[in-house]
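K.L.:
The structure that follows is given in the form of structure tokens.
The values are calculated or read from the model by the stated rules, or taken from the named source; none is laboratory data. As the structure is a computational prediction, the values presented were derived from the model and not from experiment. Note: ideal-geometry Cβ built from the backbone for every residue, glycine included; neighbour counts use all protein chains shown. Only protein heavy atoms, including side chains, enter the accessible area calculation; ligands, DNA and RNA are left aside. Shrake-Rupley method; radii C 1.70, N 1.55, O 1.52, S 1.80 Å.
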Amino acid sequence: MTTRYDATRDDIAEVLGDAPRYRVDQVWQGLYQHCTEPGDWTNLPLGLRSELAERLPAALTPVTESVSDDGDTVKFLWELDGGERIETVLMLYRDRATVCVSSQAGCAMACGFCATGQAGFTRHLTVGEIVEQIARATRRAADVDRRVSNVVYMGMGEPMANEERVWRSVERLHGEFGLSARHITISTVGLVPGIRALAERPLPVNLAVSLHAANDDLRDDLVPINRRYPIDDLLDACSDYLAARNRRISFEWAMIDGVNDRDLDAAELAALCRRLRPRAHVNLIPLNPTPGYPTTGSSLRRVHEFRDLLESLGANATVRQNRGTEIDAACGQLAAGQPVRIETTRRASSPPDAPSDTG
Ligand code: SAH
């Protein structure tokens, strides 16, 4: 059965049967402008509402909603049709909101410091499962008078391993929710084929690359997919993306004490930033605690020193504000309650399999 945010206008017309054509627009408005449930669509006859609710089911069943102490970060835990669980984070700002969406249940990339990676891969999300996360977060933001202005694909999963469906969800955000491409950011661990596919797509979305290490030795260890797509190949794909797009790329860098926060790391990172035109921007993320990674984050003082060092070497950097750590909603903490593999030793030498659209 098609879920409501997987459904096309044609699917809806089919469900509506003999009803007048303008009903399709009313349903579409309910889904994409009001982000409400069929039961709320009082401009439709009652019988139609219940038929729509039944034949276009929701993809996400709410399990829990956690709110940070200051009330500005909301984490949703959802159950999917097959019992899998995923999370979505809504970040509220003074006059707008950002949604952080998941693209897969779990993740196969096995980055040791990330809770999603620690839990392993379950499956790709469908277009409807991705889009419904945004619809529901938009509704929740509207309850507190905020409009969703930005969507970041930085939740659970590797979006570029699910590029086709992720792309179709981007089209919905752009076409139906009215978000401009500059307000949509896709974050990738560095899957070169995915970055190349994205460069061919017609909308110039922002690209963030989770770099975390600027030499292959260290990156092989921190981000195991680097063994398949080493830094030189990744930087080539980034250059080609920039050539196709008028956008800046950002590098994500989770600061791990004594591992990637040394002066030498800053020098190597700045050199990579300078290789791209325009230069890459660095987002420094103080490492968030996760159950399966024993190493601690750099001190806040070191994070700021590292930023200053980068700036002095010609690379722009910002320190990302950490939000929602107390509800495990911050970068790298989304595990949807999955048990994690506790790993304290260096990983084996084979790179993770990257399940992708093409198999
Ligand atoms: N798989 C994609 C999308 C996830 S984005 C990607 O890797 O880009 C989540 C971001 O949080 C990534 O940049 C990831 O590397 C970072 N991250 C993971 N674990 C973290 C942790 N413990 N502390 C801080 N950042 C972390």
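K.L.:
Counting heavy atoms of the protein chains only and a 1.4 Å probe, report the per residue accessible area for the chain as a whole number of Å².
P.N.:
So the chain comes to 43 Å² accessible per residue, rounded to a whole number.
K.L.:
With the cut-off at 1.5 for a/c, could you classify the range 59-119 from its C-alpha gyration tensor as rounded, prolate or oblate?
P.N.:
In terms of gyration-tensor shape, oblate.
K.L.:
Follow-up question, since we're still on this one. Once the Cα gyration tensor of the chain is diagonalised, what are the square roots of 5 times its eigenvalues, in whole Å and ordered largest first, as equivalent ellipsoid semi-axes?
P.N.:
37, 21, 19
K.L.:
Next question, about the same structure. Per the Kirkwood definition applied to all pairs of different Cα atoms, how many angstroms is the hydrodynamic radius of the range 138-288?
P.N.:
Final number for the Kirkwood radius of the range 138-288 is 16.2 Å.
K.L.:
What is the helix-to-structure angle for 46-55, meaning the angle in degrees between its Cα long axis and the longest Cα principal axis of the chain, kept from 0 to 90 and rounded to the nearest 10?
P.N.:
40 degrees
K.L.:
Every cysteine in the chain with no other Cys Cβ under 4.7 Å from its Cβ, please list them in numeric order.
P.N.:
Cys35, Cys100, Cys107, Cys238, Cys273, Cys331
K.L.:
Could you please tell me the mean projected area of the C-alpha convex hull for the range 57-195, averaged over all directions and given in square nanometres to one decimal?
P.N.:
Over all viewing directions, the range 57-195 projects a mean Cα-hull area of 8.6 nm².
K.L.:
With both partners inside the chain, how many of the DSSP beta bridges are antiparallel, as a percent to the nearest 5?
P.N.:
In the chain, approximately 45 percent of DSSP beta bridges are antiparallel ones.
K.L.:
Measure nothing fancy, just the Cα-based angle from helix 163-175's long axis to the longest principal axis of the chain, in degrees from 0 to 90, nearest 10.
P.N.:
Orientation of helix 163-175: about 60 degrees from the principal axis.
K.L.:
Relative contact order (percent) for the range 37-157, with alpha-carbon contacts under 8 angstrom and 6 or more residues of separation?
P.N.:
23 percent.
K.L.:
Long-range amide H contacts for Gly297: which residues qualify at under 5 Å (H placed 1.01 Å from N, peptide plane, sequence gap of 5 or more or a different chain)?
P.N.:
Amide H to amide H, under 5 Å and 5 or more residues apart or across chains, Gly297 pairs with Asp257.
K.L.:
Separate question: Sort out for me the Cα centre separation of the range 303-319 from the range 8-47, rounded to whole Å.
P.N.:
Taking the Cα centre of each part, the range 303-319 and the range 8-47 sit 51 Å apart.
K.L.:
Related question: Rounded to a whole number, what % of the accessible area of the chain do carbon and sulfur atoms account for, probe 1.4 Å?
P.N.:
46 percent
K.L.:
Please turn the phi angles of the range 245-257 into ³J(HN,Hα) values with the Karplus equation 6.51 cos²θ - 1.76 cosθ + 1.60 (θ = phi - 60°), one per residue in order, whole Hz, x for glycine and proline.
P.N.:
These are the phi-based 3J(HN,Hα) values: 10, 9, 9, 8, 9, 10, 9, 8, 9, 7, 7, 10, 4 Hz.
K.L.:
Could you work out the relative contact order of the chain? I mean the mean sequence separation of Cα pairs under 8 Å and 6+ apart, divided by the number of residues, in percent.
P.N.:
Result for the chain is 16 percent.
K.L.:
Another one. Provide the packing ranking of 253-266, 121-134, i.e. peptides ordered by the mean count of other C-beta atoms within 10 Å per residue, highest first.
P.N.:
Order by mean packing, descending: 121-134, 253-266.
K.L.:
I need the phi-derived Karplus couplings for the range 120-134: 6.51 cos²θ - 1.76 cosθ + 1.60, θ = phi - 60°, integer Hz, Gly and Pro marked x.
P.N.:
Coupling constants for the range 120-134: x, 9, 10, 6, 6, 8, 7, 4, x, 5, 6, 5, 5, 4, 6 Hz.
K.L.:
Continuing with this model, one more query. Using the Kirkwood formula on the Cα atoms of the range 1-78, what hydrodynamic radius do you get, in angstrom to one decimal?
P.N.:
Computed over the range 1-78, the radius equals 13.8 Å.
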